[in-house]
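Notes to accompany the following structure.
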Amino acid sequence: MGALCAGCFLSIVKASAPGKIILFGEHAVVYNRPALAVPVNQVQVDVEVLDSDSPGIFIDAPMVDLHGELSTLQPDHPIGSVILKLFQLLDISSPPSAKVNITSTIPVAAGLGSGAAVSVALIRALSAYFNRPMTDEQVNDLVFEIEKLHHGTPSGIDNTVITFNKPVYFVKGQPIETFKTGKPFTIVIGDTGVPAPTKESVGDVRRLWLQDSVTFENIFNEIAQISLIARRSIESGKPELLGELMNQNHELLQQLTVSSPELDNLVETARNAGAHGAKLSGGGRGGNMIALVEKETAEKVANALISAGAKRTIVTEVS
Ligand code: PMV
């Protein structure tokens, strides 16, 4: 959860938000099937809002090479538009001067939710700075609106898991359901280093679905079954069953045309290095893959992924 700086005066406010991975159900979730996602707290966005003597809202976000005043940004700038939307919602027409520092360890365009995490942390920090704190539900709704501006037809899974910072069983348009793990399990995340063109892959799946809805509906149904069984396995303390489910889910994602040679290579490498199973995670065609491992084999699998070309790995425990 984004931690607001305890005991701060109004002159400095901090908030943060985690990254995320989708365990099961990406793409099918856009078509109202369930998906499972968990936060990744090894990476995060931090936002700090401070008083400033210079007029306007000056933003410093080195990870996207942004150093500028709000009014000089295009209205659809990914960060500027978050601030403008927030001011609109809170009815703030002439905000006092402030300096906004945004730093992030979440790789950009890698399927780890960096965009949604920036929005969540920024909204929490700014709304608290202006003494108008918002509930998680309000933050989630606003970030979803922003995701729609930039990603076309998002399901809302990214903003939900990142806002609530809990494992979620997500069905578009349904009340938020979090879930508990019966037994912790370890995931290795491997980054292909290829930017994940989520908007494009979601658009391509839509075109294919329109051309052959019977085949694609069947694939979505199979993925939905996997998400259901996966949730049961996690809750009943049998995470070892997830490996085979990941392999099946990856095959279905290949059929949706959203894998890539780089993702397939890392998935295969992880399995050969001793993972119970592996799949791409997120929009696909690039970005990250995930592998279910025993804690003791995590390092071996992570090293194998790096040797096979992964740009970085993250080991995370889901508990
Ligand atoms: O690429 P990511 O991690 O933002 O994930 C996109 C997940 C999709 O199911 C492909 C799209 C969506 O909006 O749910």
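Structure summary
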{"quantity": "Number of positions in the range 36-62 that are touching a His at 6+ places or on another chain (Cβ under 8 Å) and among the β-branched types (Val, Ile, Thr)", "calculated": "1"}
{"quantity": "Matching residues in the range 122-149 - criterion: being within 14 Å of Ser81 (Cα to Cα) and either within 17 Å of the chain's Cα centre (by Cα) or open to solvent by 10 Å² or more (accessible area, probe 1.4 Å) (or both)", "calculated": "Leu122, Ile123, Leu142, Val143, Phe144, Glu145, Ile146, Glu147, Lys148, Leu149"}
{"quantity": "Pair list, Cβ < 6 Å and 6+ apart or interchain, from the range 76-100 residues that are at positive phi to residues that are open to solvent by less than 80 Å² (accessible area, probe 1.4 Å)", "calculated": "none"}
{"quantity": "Residues located in the range 193-211, provided they are more than 11 Å from the ligand (Cβ to nearest atom) and touching a Phe, Trp or Tyr at 6+ places or on another chain (Cβ under 8 Å)", "calculated": "Leu208, Trp209"}
{"quantity": "Number of the exception - Lys238 against (1) out of contact with any helix residue (DSSP H, G or I) (no Cβ under 7 Å at 6 or more places or on another chain); (2) surrounded by fewer than 16 Cβ atoms within 10 Å (Cβ to Cβ); (3) within 23 Å of Val30 (Cα to Cα)", "calculated": "(3)"}
{"quantity": "Asp191 being within 18 Å of the chain's Cα centre (by Cα), farther than 22 Å from Pro34 by Cβ and at pLDDT 95 or above", "calculated": "yes"}
{"quantity": "Subset of the range 90-108 (residues that are touching a helix residue (DSSP H, G or I) at 6+ places or on another chain (Cβ under 8 Å), within 21 Å of Ser16 (Cβ to Cβ) and outside any strand (DSSP E or B))", "calculated": "Leu90, Ile106, Pro107, Val108"}
{"quantity": "Unique residue being assigned to a helix (DSSP H, G or I), farther than 27 Å from Val194 by Cβ and not hydroxyl-bearing (Ser, Thr, Tyr) when the list is Ala116, Ala128", "calculated": "Ala128"}
{"quantity": "Candidate set from the range 9-43 (those that are assigned to a helix (DSSP H, G or I) and open to solvent by less than 10 Å² (accessible area, probe 1.4 Å)); member that is nearest to the ligand (Cβ to nearest atom)", "calculated": "Val29"}
{"quantity": "Subset tally (residues that are part of a strand (DSSP E or B) and open to solvent by 10 Å² or more (accessible area, probe 1.4 Å)) for the range 44-66", "calculated": "8"}
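The values are calculated or read from the model by the stated rules, or taken from the named source; none is laboratory data. Everything numeric here is computed off the predicted structure, so don't read it as measured data. Note that we place each Cβ from the backbone using ideal geometry, even for glycine, and neighbour counts take in every protein chain shown. Just the protein is used for accessible areas: all its heavy atoms, side chains included, with ligands, DNA and RNA removed. Shrake-Rupley method; radii C 1.70, N 1.55, O 1.52, S 1.80 Å.
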